[in-house]
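This report refers to the structure that appears directly beneath it.
The values are calculated or read from the model by the stated rules, or taken from the named source; none is laboratory data. Quantities reported herein were computed from a predicted structural model and do not represent experimental measurements. Methodologically, a virtual Cβ is constructed for each residue, glycine included, from the backbone with ideal geometry; neighbour enumeration extends over all protein chains shown.
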Amino acid sequence: NSDQYQNTPLGNEGQQTAWASVQELHNYQLLPTMKAFIDSITLPNKYWITPSSNHQDEAWMKKFDEKMTQDISLIQLRSKNTLDNLFITELHNKCQQHSIKLLINTIDKSFKESYCDGWHITTNEMLNLKSRPCTDDKILGASTHNLNEALKAQELGADFVVISPVQATKTHPDTVPLGWNAAIEVVSKLNIPVYFLGGMGLNDLDRTLKIGAQGIAGVSAF
């Protein structure tokens, strides 16, 4: 990193130069190889996943509203059921008021919804897709459980992957965790951001960042 500079920066090969905020980077026509770099500096290091049931009861809404004032800027709205469009729009409006990105992970996603900032796809959805299902101005995340699935998601055009479970979890006690070494291998082989999920807490965030992952994801981690 550079803290100071002198004179005017110039492109050594005649490229145009301009100062831009992180939020403005997606407005520029850059080399495709720059996309992963831009994603890595625009995506946060914490990715909150909503509980997948009882979406409209008081306790669920209270938890969602609490995240509006916490250090969270990326949320996955997860549901195994169809959710009312007006309900999702209400949640998206709340997120927009707090500069939070909302990704949809429901069974009826069409990748054409306007009331979201992108989508999160399951492993099965990812494996059945032939190409990226949405435009580049939307965020696409993918759930993966091993290196091969993560590489497939990258090939598909996902902006980031979530690898899980890294550690043992109370919700899936019979599932053998990947372990840190396998998770680190995923990070080393991918060119896109990777979030760790499964048994993760805020106390794991520093270790996760030091090994090159984007950050941690979780339902109850934050």
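Looking at the structure I just gave you, is Ser110 under 27 Å from Met34 (Cβ atoms), surrounded by fewer than 14 Cβ atoms within 10 Å (Cβ to Cβ), hydroxyl-bearing (Ser, Thr, Tyr) and free of Cβ contacts under 8 Å to residues at least 24 places away in the same chain?
When the stated conditions are applied, Ser110 does not pass them.
Which of the residues belonging to segment 59-72 are assigned to a helix (DSSP H, G or I), among the aliphatic types (A, V, I, L, M) and either under 21 Å from Ser99 (Cβ atoms) or at pLDDT 95 or above (or both)?
Selection gives Met61 alone.
Starting from residues that are without any contact (Cβ under 8 Å) to a residue 24 or more places away in the chain and in a loop (DSSP other than H, G, I, E, B), keep the ones in segment 180-220 and report whichever is farthest from Lys35 (Cα to Cα).
Result: Ser220.
Could you list, in sequence order, all residues of segment 91-104 that are in contact with an Asp or Glu (Cβ under 9 Å, 6 or more places away or on another chain) and either among the acidic types (Asp, Glu) or closer than 15 Å to Ile49 by Cβ (or both)?
Passing the criteria: Cys95, Ile100, Lys101, Leu102, Leu103, Ile104.
Only one of (1) at negative phi; (2) surrounded by 10 or more Cβ atoms within 10 Å (Cβ to Cβ) fails for Asn54. Which number is that?
Evaluating Asn54 over (1) at negative phi; (2) surrounded by 10 or more Cβ atoms within 10 Å (Cβ to Cβ) leaves (1) as the failure.
Please name all residue pairs, on different chains or six or more residues apart, with Cβ atoms under 9 Å, provided the first residue is in segment 9-33 and is in contact (Cβ under 8 Å) with a residue 40 or more places away in the chain and the second residue is hydrophobic (A, V, I, L, M, F, W, C).
His26/Ile38
Kindly check whether there is at least one residue in segment 120-135 that is touching a Leu at 6+ places or on another chain (Cβ under 6 Å) and either among the hydroxyl-bearing types (Ser, Thr, Tyr) or closer than 30 Å to Glu58 by Cα (or both).
Yes; the residues of segment 120-135 include at least one that is touching a Leu at 6+ places or on another chain (Cβ under 6 Å) and either among the hydroxyl-bearing types (Ser, Thr, Tyr) or closer than 30 Å to Glu58 by Cα (or both).
Looking at Gln16, Gln56, Gln23, Gln29, which is the one that is in contact with a Phe, Trp or Tyr (Cβ under 9 Å, 6 or more places away or on another chain) and modelled with pLDDT under 95?
Gln56
Just to be sure before I move on: is Phe222 modelled with pLDDT of 95 or more, surrounded by 17 or more Cβ atoms within 10 Å (Cβ to Cβ) and closer than 27 Å to Glu66 by Cβ in the structure I sent?
So Phe222 does not fit the description; no.
If I ask for residues that are part of a loop (DSSP other than H, G, I, E, B) and surrounded by 11 or more Cβ atoms within 10 Å (Cβ to Cβ), which ones from segment 73-84 would you list?
Selection gives Ser73, Ser79, Leu83.
Would you say Glu155 is in a helix (DSSP H, G or I), without any contact (Cβ under 8 Å) to a residue 24 or more places away in the chain, of a type in the set (D, E, K, R) and surrounded by 16 or more Cβ atoms within 10 Å (Cβ to Cβ)?
no
From the list Thr144, Thr171, pick out the single residue that is hydroxyl-bearing (Ser, Thr, Tyr) and surrounded by fewer than 17 Cβ atoms within 10 Å (Cβ to Cβ).
Selected residue: Thr171, the only one of Thr144, Thr171 that is hydroxyl-bearing (Ser, Thr, Tyr) and surrounded by fewer than 17 Cβ atoms within 10 Å (Cβ to Cβ).
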